[in-house]
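Okay, structure first, notes after.
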């Protein structure tokens, strides 16, 4: 049995970033950039109005209240350019700024003196002073042409995709998603949640949890199967995982010391290289990691729900980060809301809830129900607290490392 840091070192050794490819910006959300992206155009691409109102020439000194102007045209968003030669042009938000105009007066700050036959303003009087440059959006005010928008290694979310599409970038080079084969083992597992349970059977809750969390962590689940406690069937599933070109085979169950825990023997028979089996952690101590003969990574998680969740968050997700080309995660340190003491010299991963107290301060609450079989506390938790193996007790207010639900999800702050 080894310590967590050593297990993680062995797990990540030789895990390189996956190849890159060009994808549409729309499909790049959740992917990682492999190169800087520079804008080929300015944003806004032209001077335009920030208000519904009237475009006019304020000059160097501006125009005072009471100034009267004829309205000589109108511009709406999407219209072409127009030149102003005296008077004012009615303009809508986002419309191109007429050449010769240098200010916008909002419609609320004018008095309509006359209208034409169609009911459009024909003459206005200013109700407030107008200074040059007011209520204008200048070309390049948001983004300048040639400016680096996003740096290599940036995770693309909705805001990043919006910026790219607004500047005309239709395709980007991103890291390929890690391909994961997910295999849950156990003859007691029932995949159909609507099926009646025979004596001794349980519903397979790990598979949907892991599948969803893997996608949230940036992976593609390329195979998902449930296998009974049958070595022959498991070997066939491993072959299908390799056919699916999985980068990682992730299993649950059959890695402990019971009579039906067959996975270690199957891996040995298939000439896999064992990286480690058992780590000084709780929950999830029986976790196993190996490298298959063809180089495919293999992680076997214990079957209890909390052990599975910990194995994914603190072993599998660091591996996915390495495959995505992301740096090692740095966990924030936050104060405990109450004292904590443990009974065993193991690194603990505790279901927790981060919340704001009455004064607006952040506190971390360690939840009850830390046993590995319990699922309900996973619903109540929004974070994990990490307590090192060499720490026996912590006072209220002590700073502890806190991990969010997933490596791409920041620790939430909830009232």
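Points to keep in mind about this one:
- Qualifying residue in the range 315-338 (condition: assigned to a loop (DSSP other than H, G, I, E, B), in contact (Cβ under 8 Å) with a residue 60 or more places away in the chain, under 25 Å from the mean Cα position of the chain (by Cα) and loosely packed, with under 13 Cβ neighbours inside 10 Å): yes
- Note on the range 361-397: residues that are surrounded by 11 or more Cβ atoms within 10 Å (Cβ to Cβ) and part of a strand (DSSP E or B) total 11.
- One residue stands out in the range 389-403 among those that are touching a strand residue (DSSP E or B) at 6+ places or on another chain (Cβ under 6 Å) and without any contact (Cβ under 8 Å) to a residue 60 or more places away in the chain: the one that is nearest to residue 285 (Cα to Cα), namely 393.
- Looking across 148, 143, one residue alone is within 30 Å of residue 35 (Cβ to Cβ), at pLDDT 95 or above and loosely packed, with under 13 Cβ neighbours inside 10 Å. It is 148.
- Total residues in the range 81-92, condition out of contact with any strand residue (DSSP E or B) (no Cβ under 6 Å at 6 or more places or on another chain) and either under 18 Å from residue 131 (Cα atoms) or without any contact (Cβ under 8 Å) to a residue 12 or more places away in the chain (or both): 2
- The selection criterion, being surrounded by fewer than 21 Cβ atoms within 10 Å (Cβ to Cβ), over 22 Å from residue 246 (Cα atoms) and in contact (Cβ under 8 Å) with a residue 24 or more places away in the chain, does not hold for residue 200.
- At least 1 residues being under 28 Å from the mean Cα position of the chain (by Cα), buried (at least 24 other Cβ atoms within 10 Å of the Cβ) and not assigned by TED's automatic domain parsing to the domain that holds residue 231 is the threshold, and among the strands (runs of 3 or more DSSP E) wholly inside the range 246-308 not one reaches it.
- Of 78, 30, 66, 21, all but one fail to be farther than 30 Å from residue 127 by Cα, out of contact with any strand residue (DSSP E or B) (no Cβ under 6 Å at 6 or more places or on another chain) and either assigned to a loop (DSSP other than H, G, I, E, B) or without any contact (Cβ under 8 Å) to a residue 40 or more places away in the chain (or both); the exception is 30.
- The range 51-63 - residue that is within 46 Å of the chain's Cα centre (by Cα) and either free of Cβ contacts under 8 Å to residues at least 60 places away in the same chain or not in a strand (DSSP E or B) (or both) and, of those, surrounded by the most Cβ atoms within 10 Å (Cβ to Cβ): 55
- The set of residues in the range 212-241 being under 28 Å from the mean Cα position of the chain (by Cα) and surrounded by fewer than 16 Cβ atoms within 10 Å (Cβ to Cβ) consists of 212, 215, 216, 220.
The values are calculated or read from the model by the stated rules, or taken from the named source; none is laboratory data. Quick caveat: nothing in here was measured; it's all calculated off a predicted structure. Positions of Cβ are generated from backbone atoms using ideal geometry, with glycine treated the same way; all protein chains shown enter the neighbour counts.
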